[in-house]
Structures are given as C-alpha cells and as structure tokens.
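Single-structure report; data block below.
Laboratory data are not the source of any read-out in this text; all were calculated from the coordinates shown. Note that the structure is predicted; figures quoted are calculated from it, not measured. Ideal geometry is used to build each Cβ from the backbone, glycine not excepted, and the neighbour counts take in all protein chains shown.
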Ligand code: SF4
C-alpha cells in the first residue's frame with residue numbers, strides 16, 4: 001500500500017457525519033471533481049447544469065468551491081495525481097457532507113485497471129452515500145439519482161418524452 005492510498009483512506013474513512021437522506025436542505029450544493037477517466041461523465045454533468053433539466057428546481061446546484069458544498073460529486077477513476085486533490089476538497093467541505101460517485105469509473109474503476117498511476121474506484125476506499133451507475137449516466141439519470149437521496153421524483157426535462165434517454169451532444 002502506497003503512502004498516497006494510506007493517507008487517502010484515513011482521510012475518507014474518518015469521514016465525520018454523513019449526509020442524511022432525510023430533511024433535504026434547499027438547495028443542496030454540489031462540488032464536482034473529475035479524478036480521471038475519459039471526461040464523458042463530466043460532460044454529462046455539464047449538460048445537467050446547462051441543459052433543460054431544471055436541477056435548481058429539483059433543489060440542486062453546483063458551486064465552484066468545496067468550502068460551501070454539501071456533497072462531493074466524483075467522476076472518473078481515481079489517479080494518484082488526483083488523490084490529494086480529492087482529499088483536499090473533502091477536507092475543505094463543512095460537515096455534514098456527502099460523497100456521490102457518478103459513473104462506473106468513480107464507483108469501481110470502470111474500464112481503467114489499477115496500475116502505478118491509477119488507484120481505481122472509490123467503492124473500497126470510502127463510504128459512499130450514493131452511486132449512480134452508467135458509462136456515462138445521462139443527465140436525467142444523474143438527477144434521478146440525486147432526487148432518490150430524498151425520496152423525490154425528478155421531473156422529465158422539457159421537451160423529452162417520459163422514459164426516453166437524454167445525453168449531452
Ligand atoms: S464511466 Fe465511462 S463515461 Fe464516465 S469517465 Fe468512465 S469511461 Fe468515461
């Protein structure tokens with residue numbers, strides 16, 4: 001076990017109080033960190049933020065700093081380069097705080113096997129509050145996942161039929 005992994009594990013497993021899936025704050029503020037991968041999941045998050053999904057109306061918004069964030073939203077497999085960045089973002093967030101993995105890479109490493117530069121997904125490294133699978137998940141699937149934390153039901157994006165998939169393009 002390398003030093004980076006040991007430090008990372010300690011930082012995440014101490015964790016502090018986790019986000020409770022009841023009594024949603026409004027809005028819930030998200031800070032996104034892409035720790036590796038192909039960038040596809042990050043593009044879907046951009047589409048969620050800028051597209052017709054009304055994520056603010058559902059009670060969620062992105063913030064540019066972890067210091068004001070409630071939830072750390074991670075995309076991509078964890079590289080050794082980004083591990084300290086992710087740890088710093090987590091430590092900067094006020095408590096209570098939550099951790100959400102978006103996409104297969106963030107969850108279990110996805111298509112990127114562990115090697116000397118890649119540490120893999122967070123599923124065996126941290127207490128994850130919510131995992132949103134997919135490669136990548138669509139913006140609507142991400143919003144549905146966020147809403148599931150609070151038992152809400154996301155509204156379909158304007159102009160989209162119920163049950164249809166939606167991707168950034
Ligand atoms: S889960 Fe798929 S889309 Fe997302 S970063 Fe990994 S390879 Fe890219």
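Summary of values
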quantity	calculated
Span from the region 76-134 Cα centroid across to the region 23-71 one, whole angstrom	15 Å
Extension gain, residue 85 back to residue 50 (0.36 nm per residue minus Cα-Cα distance, nm)	10.1 nm
Order of 65, 49 - criterion: other Cβ atoms within 10 Å of each residue's Cβ, fewest first	65, 49
Mean separation of Cα contacts under 8 Å, 6 or more apart, over the residue count of region 18-144: relative contact order %	29 percent
Extended-chain gain in nm, criterion 0.36 nm per residue less alpha-carbon gap, residue 127 and residue 68	19.2 nm
For 125, 95, order by how many other beta-carbon atoms lie within 10 Å, fewest first	95, 125
Percent of Cα pairs exceeding the 20 Å cut-off, where the set is region 49-140	39 percent
Protection-proxy order for peptides 88-94, 101-107, each taking the mean of Cβ atoms within 10 Å per residue, highest first	101-107, 88-94
Relative contact order of region 47-117, defined on C-alpha pairs under 8 angstrom at six or more residues apart (%)	35 percent
